[in-house]
Amino acid sequence: MVIPSLSLPQDELRRITGVLCYEERLLFLLLTLRQPDVEVVYLSSMPVDTAIVDYYLSFLDDPDEARTRLQMISLGDPHTNPLTVSLLRRPDIIARIRSPLRRATGAWMVPFVVSEHEERLAEILGLPIYGPATALAHLGSKSGGRMIGEEAGVPMPRGFADLRSLTEVEHAARALSPTSKLMVKLNNSYSGLGNAIVIKDERPLTACHTSFSAAQETWTTFAEKIAERGAVIEEFVDDLHLRSPSALARITPGGAYDVVATHEQILGGPNGDVYQGCSFPAHPEYRAQVGACAEQIARVLAGRGVVGLFGMDFFAVKTDAGYRPLLCEINLRIGGTTHPFGAALLTTGAAYDPVTGTLMRDGRSKYYVATDNCTATRLRGRTPGEVVKLVHDRGLGFDRESRTGNVLHMLGAVPEFGKLGFTSIGDSAEEAAALHRRTLLALSQQPA
């Protein structure tokens, strides 16, 4: 059962265009229906367009048969409450979910993120959750990430954690002197929207030049969030050759752990720290080091009882001896790199090779570039089916023989916002990047 509820700080999510359609990011899990013994129940706040479901099933050998093992269940609720909160108020839908679960063996709940709401739903349905218990959620906060990083022996920027007031942040900023450029990060935030960069001088922080990653944020509103959620402060890593890799790891209920991917993050926003997309894999100059750090962190988290798929963000800093990774944060949830990885893995039938750090299929590596934020005025008012056809007609769709091409996602945001995401898969990094550029151009250019 897939429950893609955005049980995260709602003030930040409201700033994301078409955020309700982010519930579609886990639709790549429909591709697991290629296994004949798999059934999928997929929940959503609003109905997912039939053309979108058809699109994902088209990747399978027998879409019609797979459809018999799929239930798409919508609450028909466009309101701003997280999906799970709304679902808990709908005993009729819960009863409908129970029916396929009764005949299933080995059923699991797969959430976007685990909160007390997902745990309550799992208790009602009698399902185990593939994700970390809320009792361990603090390990995925910015403060928890620093604690785990220290325990794992992974390098991090200088900083202080567990700050609960603006006064504590001020004291920590003075302790980091003579560093003049600092980053304050809320403990629980999404896509970098809880960050603030401060150019520190002798004045109080509130009087210093500050750039907030979230629009319309002020020190007044930010201080309230610090008191509510807690924060960390770190020296700002400012380097001409700075890179921003990340890693994905998984921990099974038995405590086994492994790293399944590394990525280069594509960042934007006013501070260059808001997630926009990614490319796979991370740069070869530091791919192995990032993977090794991620494995150390996964080992510690597995020892703490964490279960599920999770991400880690790093800085890669240029040194005389090469690049050195620094842990930025740990995200104990589905992240922006999860659905591109899942889409590439399930469409190509490849497997991650820890030696090369790439996806391998028939002795050939697979690469990809992905975006969450392709927005074009010309797409507004189009249907998801029309966009799928446009991509196909331009020769940019997925080729099942070569196992290269595009996998689209978040198509539900097209009609109202002209926005979607896609993952461009190639047999080389250059091929994937070129395909990605051609696709962006095809989707954004006005017809002749």
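Which entry in [x] 48; [y] 65; [z] 38 is this structure's computed percent of Cα pairs over 32 Å apart? Matching entry in [x] 48; [y] 65; [z] 38: [z].
Any of LYS200/LYS225; LYS200/LYS318; LYS318/LYS419; LYS181/LYS419; LYS142/LYS200; LYS225/LYS366 with alpha carbons more than 31 Å apart? Name them for me. Intermediate values should be presented prior to the final figure.
Numbers: LYS200/LYS225 21 Å; LYS200/LYS318 24 Å; LYS318/LYS419 35 Å; LYS181/LYS419 35 Å; LYS142/LYS200 21 Å; LYS225/LYS366 42 Å.
The pairs that break the limit, which is 31 Å between Cα atoms, are LYS318/LYS419; LYS181/LYS419; LYS225/LYS366.
Relative to a virtual label point 7 Å from the Cα of LYS318 in the Cα→beta-carbon direction, which members of region 282-298 show backbone nitrogen distances below 15 Å? Residues 285-286 fall inside that zone.
Relative to the dominant Cα principal axis of the chain, helix 384-393 is inclined by about 80°.
Accessible surface computed residue by residue for region 287-441, with neighbouring protein chains in place and a 1.4 Å probe, gives 39 Å² per residue.
So for region 225-280, what are the equivalent ellipsoid semi-axes in whole Å, largest first, each being the square root of 5 times an eigenvalue of the Cα gyration tensor? The partial results should precede the final answer.
On the way: eigenvalues 133, 82, 26 Å².
For region 225-280, the ellipsoid semi-axes come out as 26, 20, 11 Å.
In a Gaussian network model over the chain where Cα atoms closer than 10 Å are linked, find which of GLY272, GLY335, GLY397 has the largest mean-square fluctuation. With Cα springs under 10 Å in the chain, the top fluctuation among GLY272, GLY335, GLY397 is at GLY272. Summed over the residues of region 184-225 and divided among them, the accessible surface reaches 41 Å² per residue at a probe radius of 1.4 Å.
The angle between the Cα long axis of helix 338-348 and the longest principal axis of the Cα atoms of the chain comes to about 40 degrees, rounded to the nearest 10.
Largest GNM mean-square fluctuation among GLN289, GLN216, GLN265, using the chain with Cα springs under 10 Å: GLN216.
Tell me the per residue accessible area of region 33-129 using a 1.4 Å probe; a whole number in Å² is fine. It would help to have the intermediate numbers written out before the result.
Working: 4870 Å² over 97 residues.
Ligands and nucleic acids excluded, the result is 50 Å² per residue.
Near ALA152: Cβ cut-off under 14 Å, other residues only, Lys/Arg at +1 and Asp/Glu at -1. The net charge is -1. For the pair GLN71 and SER177, a Förster radius of 45 Å applied to the C-beta separation gives a FRET efficiency near 0.15, rounded to the nearest 0.05. Just the protein heavy atoms count here, and of the accessible area of region 298-353 at 1.4 Å, carbon and sulfur take up 51 percent.
Using C-alpha pairs below 8 Å separated by at least 6 residues, the relative contact order for the chain is 14 percent. Angle between the Cα long axis of helix 287-303 and the longest principal axis of the chain, 0 to 90 degrees, nearest 10? The helix 287-303 is inclined about 90 degrees to the chain.
The values are calculated or read from the model by the stated rules, or taken from the named source; none is laboratory data. In this text, all values refer to a predicted model and were calculated from it rather than measured experimentally. Cβ: placed from backbone, ideal geometry, glycine included. Neighbour counts: every protein chain shown. The accessibility values were calculated without ligands, DNA or RNA, using every heavy atom of the protein model including side chains. Shrake-Rupley method; radii C 1.70, N 1.55, O 1.52, S 1.80 Å.
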